[in-house]
Every structure is written in C-alpha cells, then in structure tokens.
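The values are calculated or read from the model by the stated rules, or taken from the named source; none is laboratory data. Quick caveat, the model's predicted, so the values are computed rather than measured. Note that we place each Cβ from the backbone using ideal geometry, even for glycine, and neighbour counts take in every protein chain shown.
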Amino acid sequence: MVAKASLGVEGAPFEMDIERGKIAEFARAVRSSHPAHLLRDGAVVPPTFLTTQFFWEARVDDANPWSQVKMNQERGMHAEQEYVFHGPPPRAGERLFAQSKIAEIWEKESRSAGTLTFVKMVTEYRDADGKLRAEAILTGVETSKPPERKEGA
Amino acid sequence: MVAKASLGVEGAPFEMDIERGKIAEFARAVRSSHPAHLLRDGAVVPPTFLTTQFFWEARVDDANPWSQVKMNQERGMHAEQEYVFHGPPPRAGERLFAQSKIAEIWEKESRSAGTLTFVKMVTEYRDADGKLRAEAILTGVETSKPPERKEGA
Amino acid sequence: MSFDKAIAGQEPGPLVIGPFTRTDIVRYQGASGDMNPVHHDEVFAKKSGFPAPLGVGMFTAGCMTTWATDWLGPEHVQRTRIRFKKPVFPGVTVSFAGKVIARDESARTVEVELWGTDDAGDAVVQGWMTFDFSAGA
Amino acid sequence: MSFDKAIAGQEPGPLVIGPFTRTDIVRYQGASGDMNPVHHDEVFAKKSGFPAPLGVGMFTAGCMTTWATDWLGPEHVQRTRIRFKKPVFPGVTVSFAGKVIARDESARTVEVELWGTDDAGDAVVQGWMTFDFSAGA
C-alpha cells in the first residue's frame, strides 16, 4: 500500500551527462532515424530520452525515492509519464544536475477498481548555473482491488 | 562455409566516442565497481569495453566486414578475443577512429571436428592524429562437422 | 518550414511497427536502463501471470513520439505527455499516428495528439506533444 | 604499489558470481550492443537446440577480467586475451580466479593467467592479461 509518509521525500542529487552514443542507441531502439539524433556534435535527445536517468541514478545511493512509496507490485502500475523541456531539448555534451521528489499523492474513487491512489514523482534537471532545463513527471497508480494488468513497467 | 575471398576486406571507417555513461553501464554489467571506471572526468574503460563498437558500427553502412566471411551459423563460433592497448587504456572524452579488416584465414585438421577454418578480424582504433591507440582481434572458427556448441556469440 | 507543415495540418500517414520481437524489447531495455525482468525473463513473466514477456510501455510510447518527431523535428519538442493503455506482447503490430489539435500562430507552437493502435484495434498508448517553433526553422 | 602486490604474487581469492540470471545476460547485452536473440529469446534459443537462453561468452569474459582489474587496476591494462570454453546458462554460478605467470621487473609488467570455473567444475573461459606499471603507481 502506498506510504503517504513518502510525500515530499527527495532523492539524493545525481548528475546526468547527455551523450552522443546513448542518444543514438536510444533513437535506434525507438525506431527514429531523424538526423538530429545523429549529429556528430550536439545531437538532440529523443522526447522520452530522460528515462535513461535509470543509469545515472544507479551510481548514487538513494537517488530514486520511488521505492519509499512502497507501491504494491501487483496492484501498482505506471499510468502516465510526462517530459517538459524548458527551452530547447537537451543536446549531447550537456551535463545536467538532477533530483527527484515525491511531489503529490491523491486518491480517487472508481467503480471498477475501488480506491485509486495516485503518486507523482518529479525529477528536475538543471544546468551548472542552476537554470531549470527539464522535468520528468512519473504518475503511478495503485488500485485497492487486483486490476487487469495494463502496464508492467 | 567461410568465403576465402573475404581475406583482406576492409569495413568502412567509423568513429567511436569513449563516454562516461557507457563505461559505467558496461562496468556495472561485468560486476566491476572499480573507482577508475566511475571517475567524473576521464573514466578508464574496462578491459573488454571496445566490444561496444557494435553501437558505433551500426551507424555506418558496411562498417563491419564480418558478414562477408559468411561463416556457417550452426558450425561457427567465437573462439578467441583479444584487446591490445598501445599506451594507457582509452578514457572517457576520447574520440577514436576505427576500421575493421579481415586479416587472416587459415585451416587446421582436428580429429574430432574435421577441418577447422579460423578467421581473424582486426579492428584498429586511432586518435585524431592517426596514432594507433588500441586493437580488437576477433578469432572465429568454423568446423566442417556439426560440433558441440561452445559459444553462441 | 516545419511550423508551416504543422499549421497546414497535413499529418503524415501512420508509422506501423511490428510484429514486435523479444529482441526489440531487450534493445529498448538496454537503451533505457529499465531492467525489469517481466520484460525479458520468460519464466518470470509466466510466473507473474503473463503469456509471454510483457512489452515496455515506455518503448511503445517512444515509438509513438518517433512518429511525431520524424514529421516535426525533435529539436522543437517542448512537452510530451503519455498515457499507458494496454500492454503490447511480442508478435503484436502497432500503428502509430496523430493529428494537430491546436495551433498558436503568435507563439508559433503546435499541439499534437498521438495514439498507438494494435492489430486488435485497441488503443495501447495515447499522447500529447507540444512543438515550439518560436526559435525559427 | 599495485606492481609490488603483483610482484609478491599475493593473488586475491576467487570472485564468485551467480547464479547468473536472464537479467544479468540482458543487462550485459544492453551494455555491449550484442543483440543476438539466442541470449534472451527463450523461444528462439529452444528452437536452436538450447535448453534456455545461452549466456554471452564476452559477458563471462568481462566478469573474469573484473577479477584482475579489481586487484591490479584497469588503468594498467595493456593486453587481454580470452578463449571461450563452455557456455554458461542461467542458474549457473562461476568462480573467477587467476595467478601471476610472469613478472618483468625492468619493464614493470606483469602477466596474469585467468580462468572461470562453473559449479560442475568445468572451465568456461580462460584468459591472459598483461598489466603495465611502467608509468608509475
């Protein structure tokens, strides 16, 4: 069950270098061959590229506060995902400074699934000057009854 | 069956950027947590890291001449692999210029597997000044009889 | 030019991808770093009640946004919102498409709605993207 | 310091890794870019005559060299040679170890032989590495 005490919990800050090789690898995986992803210098990230924060979080203890939400594995799922770029999308060669936070927890009643508990985690990415460059917003949902599985991520 | 005409065939040249993120990803996969792989700047590659040339070859048509060897899928295997660093191992931030070549083909008789045909492919990695920085040497072998499978790579 | 294309509302045809293979899923997992075994461990996935390894929602979503960036350019992306609807298993083919739902000529932004539809005709993923052409091009 | 350790021949104990999981294999495939389906597609692997997805030889080899670099430092590696001996399937545990086979005090280089042994006692991979301490440390 969702631990309401996780509201406001912040992960440890972590760095994320935007790199040419990973951009091309990711673009290929999502079937994009747009030349902007393959520029020799300053390759542009695909829209969902910041999900590769997985690799950068893994380098730092407690960078990802999601585990503290304690969402039930069977009844929880990834409902929505959002990316906002403040200014142009990140490009290869940038070093971003990121931090994640459990930003919102709320409930909703549903006839089919009982009480739905929503949790929003926001990761902010800043440049070396502290300017906000991007946000990743993950929304998970836990049902009070075992649901049909919709998403396993 | 091994196409002897592939001897001497060169792949198209390709670039390979040595990057912090991929070094850490690779080191983690092979269970190394040595701090030299995790340096913020100038991270050192793991010994077998140049195998990630797969990603960089994929960006360039005909960069990998191995397909021209036409080794039988069932009777061929990866027998040996070698990496030589000329000078210190590559580090994050270097841009290498690579090219692969089918360098040797030779035969050997074996009582258990009949004729063994060996093929050696050498990839050279040079810096921007043309100085040889590293070599990757792949040795494949094809048996004339169906063997026990030893390696599936 | 892209803004004019978007303004004109001449959406390209769908991007059809599939049948998805287990390798497609693994390639995405490797690219993204999501190593959840339900997406590649056949034994684990079956124990979890699935008939096969489950596709990755973010993978399907990434293919959907490819439809939009192939058309309007990744350098103009400002906002991307994704809603996951139905899992995609190996063997399934998905058709990705979208349409312009709003244009702001003074701000030079375009909003696009996107969707992915599997071969059973079900929506598997839905999305909304904003493209910003104010910096020109 | 590393050279002195290597000179003294005080090899550390084995690095034991396993039981290897399908996820370990997929993580390596993602890291390396080798997307051969025989290593992750259960259906394909079985059609190819294997009981389960086949481990990646280069993965086992990479774990073997980790034993050596944990001890002597990746920054001193000069040459690495690997010979593949036997596939490693999910569920298998491998013990990696090695020993110094040659020392050159004037060139300040050390040669190490390495091996990986599975829980059936069979050699799965064998290797030889040269470490160069001439630049100091």
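Could you tell me whether any residue of the stretch C:37-55 is of a type in the set (Val, Ile, Thr), part of a loop (DSSP other than H, G, I, E, B) and farther than 21 Å from A:Leu50 by Cβ?
No, the conditions are met nowhere in the stretch C:37-55.
Looking for something surrounded by fewer than 21 Cβ atoms within 10 Å (Cβ to Cβ) and either part of a helix (DSSP H, G or I) or of a type outside the set (Gly, Ala, Ser) (or both) - is there at least one such residue anywhere in the stretch D:56-69? Outline the logic, then answer.
Restricting attention to the stretch D:56-69, the residues satisfying the condition of being surrounded by fewer than 21 Cβ atoms within 10 Å (Cβ to Cβ) are none.
There is no residue in the stretch D:56-69 that is surrounded by fewer than 21 Cβ atoms within 10 Å (Cβ to Cβ) and either part of a helix (DSSP H, G or I) or of a type outside the set (Gly, Ala, Ser) (or both).
Could you check the stretch A:1-54 and list, in sequence order, the residues that are assigned to a loop (DSSP other than H, G, I, E, B), at pLDDT 95 or above and more than 30 Å from A:Val69 (Cα to Cα)?
A:Glu19, A:Arg31, A:Ser32, A:His34, A:Leu39, A:Arg40, A:Asp41, A:Gly42, A:Ala43
Taking the stretch A:96-111 only, how many residues are loosely packed, with under 14 Cβ neighbours inside 10 Å and either under 18 Å from the mean Cα position of the chain (by Cα) or of a type in the set (A, V, I, L, M, F, W, C) (or both)?
Looking only at that region, the number is 1.
Scanning for something charged (D, E, K, R) and at pLDDT 95 or above, does the stretch D:1-21 turn up at least one residue?
The first filter runs over the stretch D:1-21 and keeps only residues charged (D, E, K, R), leaving D:4-5, D:11.
Retained after the next criterion (residues that are at pLDDT 95 or above): none.
No: zero hits.
How about the stretch B:115-129: which of its residues are touching a residue at least 12 places away in the same chain (Cβ under 8 Å), over 19 Å from B:Ala5 (Cβ atoms) and surrounded by fewer than 13 Cβ atoms within 10 Å (Cβ to Cβ)?
Within the stretch B:115-129, B:Ala128 is the sole residue that qualifies.
Only residues that are among the basic types (Lys, Arg) and either on the phi > 0 side of the Ramachandran plot or at pLDDT 90 or above (or both): list them for the stretch A:102-153, please. Give the steps one after another, and end with the answer.
Pass one, the stretch A:102-153, residues among the basic types (Lys, Arg): A:108, A:111, A:120, A:126, A:131, A:133, A:145, A:149-150.
Of everything in the stretch A:102-153, those that are among the basic types (Lys, Arg) and either on the phi > 0 side of the Ramachandran plot or at pLDDT 90 or above (or both) turn out to be A:Lys108, A:Lys120, A:Arg126, A:Lys131, A:Arg133.
Scanning for something farther than 27 Å from A:Ser6 by Cα and within 7 Å of chain C (Cβ to nearest Cβ), does the stretch A:70-84 turn up at least one residue? Before the answer, list the steps.
So the first thing to find is which residues in the stretch A:70-84 are farther than 27 Å from A:Ser6 by Cα, and the list is none.
For the stretch A:70-84, residues farther than 27 Å from A:Ser6 by Cα and within 7 Å of chain C (Cβ to nearest Cβ): absent.
Here's the yes/no breakdown for (1) on the phi > 0 side of the Ramachandran plot; (2) buried (at least 18 other Cβ atoms within 10 Å of the Cβ):
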site	(1), (2)
C:Thr80	no, yes
C:Val92	no, yes
C:Ala102	no, no
C:Glu105	no, no
C:Thr109	no, yes
C:Val112	no, yes
C:Gly121	yes, no
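Out of the residues in the stretch C:93-137 that are closer than 11 Å to C:Met64 by Cα and polar (S, T, N, Q), state the one that is farthest from the other protein chains (Cβ to nearest Cβ). Quick ask: steps written out before the conclusion?
Of all residues in the stretch C:93-137, those closer than 11 Å to C:Met64 by Cα come to C:94-98, C:113-117, C:124-129.
Narrowing further to those that are polar (S, T, N, Q): C:95, C:117, C:126.
Numbers: C:Ser95: 13, C:Thr117: 16, C:Gln126: 10 Å.
Ranking the qualifying residues of the stretch C:93-137, first place goes to C:Thr117.
Cβ contacts < 7 Å: first residue surrounded by 15 or more Cβ atoms within 10 Å (Cβ to Cβ), restricted to the stretch D:41-53; second residue basic (Lys, Arg), any location; separation 6+ or different chain. Result?
Note: pairs meeting the criteria are D:Asp41/C:Arg22; D:Pro53/D:Arg22.
Kindly evaluate A:Ile23 against the criterion of being in contact with a Lys or Arg (Cβ under 9 Å, 6 or more places away or on another chain) and more than 11 Å from chain C (Cβ to nearest Cβ).
no
For the stretch A:123-139, check the following and say yes or no: at least one residue is within 14 Å of chain C (Cβ to nearest Cβ), among the basic types (Lys, Arg), closer than 25 Å to A:Leu39 by Cβ and under 17 Å from the mean Cα position of the chain (by Cα).
yes
Let me spell it out: the conditions are (1) without any contact (Cβ under 8 Å) to a residue 40 or more places away in the chain; (2) more than 14 Å from every other protein chain (Cβ to nearest Cβ), and A:Arg40 meets all of them except one. Which number is the exception?
(2)
Of all residues in the stretch D:33-52, count the ones that are facing chain B (nearest Cβ under 9 Å) and not acidic (Asp, Glu). Give the steps one after another, and end with the answer.
Kept after step one, since they are facing chain B (nearest Cβ under 9 Å), are these residues of the stretch D:33-52: D:33-36, D:38-39, D:45, D:48-50.
Cutting the leftovers down to not acidic (Asp, Glu) gives us D:33, D:35-36, D:38-39, D:45, D:48-50.
Residues meeting the conditions: 9.
With respect to B:Pro65, determine if the residue is in contact with a Ser or Thr (Cβ under 8 Å, 6 or more places away or on another chain), within 30 Å of B:Thr115 (Cα to Cα) and surrounded by 15 or more Cβ atoms within 10 Å (Cβ to Cβ).
Values: in contact with a Ser or Thr (Cβ under 8 Å, 6 or more places away or on another chain): yes; within 30 Å of B:Thr115 (Cα to Cα): yes; surrounded by 15 or more Cβ atoms within 10 Å (Cβ to Cβ): yes.
Yes.
So, restricting to strands (runs of 3 or more DSSP E) that lie completely within the stretch B:57-133, which ones have at least 3 residues that are among the basic types (Lys, Arg)?
Details: elements: B:76-85, B:95-110, B:114-126.
It comes to B:95-110.
Find all pairs meeting these conditions: Cβ atoms under 9 angstrom apart; at least six residues apart or on different chains; first residue within the stretch A:47-60 and within 9 Å of chain C (Cβ to nearest Cβ); second residue among the aromatic types (Phe, Trp, Tyr) and part of a helix (DSSP H, G or I).
From the stretch A:47-60, the pairs are A:Thr48/A:Phe26; A:Phe49/A:Phe26; A:Thr51/A:Phe26; A:Thr52/A:Phe26.
Restricting attention to the stretch B:70-106, which residues are out of contact with any Pro (no Cβ under 6 Å at 6 or more places or on another chain), over 30 Å from B:Arg40 (Cβ atoms) and small (Gly, Ala, Ser)?
Those that are out of contact with any Pro (no Cβ under 6 Å at 6 or more places or on another chain), over 30 Å from B:Arg40 (Cβ atoms) and small (Gly, Ala, Ser): B:Gly76, B:Ala79, B:Ala103.
Any chance the stretch D:40-60 includes a residue that's touching a Leu at 6+ places or on another chain (Cβ under 9 Å) and within 23 Å of D:Thr117 (Cα to Cα)?
Residues of the stretch D:40-60 touching a Leu at 6+ places or on another chain (Cβ under 9 Å): D:45, D:48.
Add one more test, that the residue is within 23 Å of D:Thr117 (Cα to Cα), and what stays is none.
No, that holds for no residue.
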